[in-house]
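Worksheet: one structure, shown below.
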Amino acid sequence: MYIQRTLEGTILKYLRTREIIAVVGPRQCGKTTLLRHIHAQLENAQYVDFEQRDKLELFESDLQTFIKLYLKGKDYLFIDEFQYARQGGKRLKEIFDHQRIKILVTGSSSSDLAIEGIQFLVGRVFVFRLYPLSFSEFLSYRDNVLLEEVFRQRVHSAPVARQLNAYLDEYLVYGGYPRVVLSDEEEEKQLVLRNIYDTYFLKDIKTLFQLAADHKLSRLIQSLALQVGGLVNYNELGTLAGLTYHDLKVHLNILCKTFITRETRPYYSNPRLELVKSPKFYFVDNGFRNTAARNFQPVGERSDAGALRENFVASELIKSERDFNFWRTKSKAEVDFVFQHQGRVLPIETKSKLDQPKMTRAFHSFVDKYAPREGWILNEGLFATKQVKGTSIHWLPIYHLAARLNEL
């Protein structure tokens, strides 16, 4: 079953341009399904999967024969799993320069990995990232009427809020990988997630990166999963994973390049200070995080419910292509998220249940220092707005995050 993806409209928009379209993202996030869906709508389109060794080997060893077999008489060429082509960028450039055909490729890691030899394609490629389903995409499949309610109204009735929080709790535990969302039973969801986790090590880590000590990477992922939202101590993390400082940095970089985690650093008015401060790491998908943490308990029964909500906010910011930081003072006052919009900063705090609009001292301090136009305090259900020293502070249900990001 195809779940409508926001990225589809963007790709269709650029089908008539000359540039190559590259869709990159983690395994099983829906890249193949999305491109096959688009391929099915087009005439004179060829689809090639580079997990089929004969096609990959022909592309790498005899490009002219590959062109004759798969490009002749075609207007579109789709190549799935392009990251396996070790010198793919150079060969793709040759096709681009000499053939009048629109090319679309997918890859299971970030652009410099998915398109080997990216330097050959400068000015010739548009790179788009596809992630597991955002909460809006998840709702569009599970209850599109409810999704429209979220985007249409600021305040919802108690029954609607309960429904939204129930969906949110499911999403916080199992995340947005399409195959997981399509599963009806919790046992099946957990089985699918464990398979995604294992396949990541088998294909991305052993095949692409050829890491023999993948058990150390597994320990690293588990350690990060158990300290989501916490400052990273490299010495402590390296000890837990059994990695030297250099190898730890390499492994953390791999996790970011393969869309498992995202590093974020402190926000300062002097950006140079960010480079020397401890970062945080968030997971792109809550389900993957919970698989690593080996915990699929319901949100209401968990001691890490706050971390789940915080990681959800980070995940939604990642999927909406927002660069973000966190703010922390020497006295350890902290605001969870800060991102810039139209030249101004926007702070976000994540809380659980709130009966009345309250601000933490840290949030007050940030408002005093940076005078943002607005700030958001996300919680389980409270809607409210107050003016604080010229800043509009909005208390919003956490499930409303996507709607507010869409309004910016």
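Values quoted throughout were computed directly from the atomic coordinates according to the rules given, and no laboratory measurement underlies them. The model shown is predicted, which means the values in this text are computed figures rather than measured ones. Cβ sites come from the backbone with ideal geometry, for glycine too, and all protein chains shown count toward neighbours.
Rounded to the nearest 20 Debye, what is the dipole magnitude of the range 257-377 about its Cα centre when Lys and Arg each give +1 and Asp and Glu each give -1 at the C-beta? Rounded to the nearest 20 debye, it is 340 debye. Note that the range 6-129 carries a Kirkwood radius of 14.2 Å, evaluated over its alpha carbons pair by pair. Between beta-carbons, use under 14 Å as the cut-off and find the net charge around Leu71, counting Lys and Arg +1, Asp and Glu -1. Summing Lys/Arg as +1 and Asp/Glu as -1 gives +3.
About the centre of its Cα atoms, the chain shows a dipole size close to 1260 debye [charges on the beta carbon of Lys, Arg (+1) and Asp, Glu (-1) only; nearest 20 debye]. When shorter helices are ignored and each DSSP H run of at least 4 residues is given -39500 (n - 2.57), the per-residue value for the chain at 222 nm works out to -12500 deg cm²/dmol.
Taking amide H positions as modeled 1.01 Å from N, with prolines and chain starts lacking one, the residues under 5 Å from Thr261 and 5 or more places away or on another chain are Cys256, Val284.
Computed from label points 7 Å out along Cα-Cβ, the spacing between Gln52 and Arg344 is 5.5 nm. Stretched out straight at 0.36 nm per residue, the stretch from Thr244 to Val155 would grow longer than its current Cα-Cα span by 26.9 nm. Between 0 and 90 degrees, the angle of helix 186-199 with respect to the longest Cα principal axis of the chain falls at about 60 degrees. Within the chain, the longest run free of trypsin sites (Lys or Arg not before Pro) that sit in a DSSP loop with at most 14 other Cβ atoms within 10 Å is 155-276. Selection among Tyr234, Val338, Val145 by position relative to the dipole of the chain gives Val338 as farthest towards the positive end (Cβ unit charges, Cα centre).
For the range 347-403, a/c is not less than 1.5, where a ≥ b ≥ c are the root eigenvalues of the C-alpha gyration tensor, and a/b tops b/c. That puts it in the prolate class.
For the range 61-200, the extents of the C-alpha atoms along the principal axes are 63, 36, 28 Å, listed from largest to smallest. Kirkwood-type hydrodynamic radius, the range 230-326: 14.7 Å, calculated from all non-identical alpha-carbon pairs. Using DSSP to call loops (not H, G, I, E or B), can you name the GluC sites (Glu not before Pro) in the range 1-54 whose Cβ has at most 10 other Cβ atoms within 10 angstrom? Passing sites in the range 1-54 are Glu43. Shape analysis of the range 135-407 yields a ratio of the Cα radius of gyration to the Kirkwood radius, Rg/Rh, of 0.97.
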